[in-house]
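The values are calculated or read from the model by the stated rules, or taken from the named source; none is laboratory data. Predicted model only: the values in this text are computed from it and were never measured. Please note: Cβ atoms are built from the backbone with ideal geometry, for glycine as well, and neighbour counts cover all protein chains shown. Ligands, DNA and RNA are excluded from the accessible area calculation, which covers all protein heavy atoms including side chains. Shrake-Rupley method; radii C 1.70, N 1.55, O 1.52, S 1.80 Å.
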Amino acid sequence: AVLSTRVREPTEGDWEKLVRLMKYINGSKHKVLRFSVDDFHILEWYVDVAFAVHPDFKSHTGMVMTMGRGTLQSLSRKQKLNTRSSTEAELVGADDVVGQLLWTQFFMEEQGYLIEKNIIYQDNKSTILLETNGQKSARKRSGALNVRNFFIANQVEKGKLMVEYCPTDQMVGDYMTKLLQGRKFEEFVKTIMGES
């Protein structure tokens, strides 16, 4: 996703990253996505953001959705607006995917599966407060983000969503936003591909 934003004015570094990516894709073409469902009534969404990582200082949203083993939906996308803090960026990231969360719930319910828990996992406790408490946790300077903040808080209040804390080490959404290496990278690949 990051490389796709560098098409107009690529650098030597971008070319090296593209070559590395192509080598990884070629080397992993035999990997198979496996998934299984533990409970048709629980949707789990791991949403994370890398703050101000693009050259224009916009943040990057990543999301992984599962119902047990393996990833059923994922997303890696540059945010459309600049934010002033990682908390605001996490709130924008959650808002970027909340439509997909609700659509998936409605789709599953139309298939006959009543969704009991639609959980957004986040690793930023300040964002969780904004998403669950709404206006009570908002500061004066967060006015521009109030609509996003209150929409999510409203969905939580209605029981359509739950927001829960997920420690950063277990935040699978990091795979879609951060440059991971070594053990953490391999761990998340196995989780996403349903190998573990």
By how many nm would the segment from V19 to Q73 lengthen if fully extended, with 0.36 nm per residue of separation less the alpha-carbon distance?
16.8 nm
For the stretch 1-101, listing chymotrypsin sites (Phe, Trp or Tyr not before Pro) in a DSSP loop whose Cβ sees at most 13 other Cβ atoms within 10 Å gives F57
Residues H30 and F151, FRET efficiency given R0 of 30 Å [Cβ-Cβ distance, rounded to 0.05]
0.10
Which value, in Å², gives the accessible area per residue of the stretch 147-196 when a 1.4 Å probe is used on the protein heavy atoms?
58
I'd like the carbon and sulfur percentage of the solvent accessible area for the stretch 1-79, probe radius 1.4 Å, heavy atoms only, ligands and nucleic acids excluded.
56
When only Cα pairs under 8 Å and 6 or more residues apart are kept, what is the percent relative contact order across the stretch 16-76?
30
Arrange the residues H30, H54, H41 by how much accessible surface each exposes, largest first, with a 1.4 angstrom probe.
H30, H41, H54
Once the piece of chain linking D38 and R6 is laid out straight, how much longer is it, given 0.36 nm per residue of separation minus the C-alpha distance between them?
7.6 nm
When only Cα pairs under 8 Å and 6 or more residues apart are kept, what is the percent relative contact order across the chain?
25
What are the DSSP H helices in the chain that stretch 24 Å or more along their long axis, judged by alpha-carbon atoms, and whose average Kyte-Doolittle hydropathy comes to at least -1.0?
86-110
Going through K125/K160; K29/K80; K78/K158; K23/K80; K158/K190 one by one, the pairs whose alpha carbons sit over 24 Å apart turn out to be K29/K80; K78/K158; K23/K80; K158/K190
Label point distance in nm, Y165-E187, each placed 7 Å from Cα along Cα→Cβ:
1.8
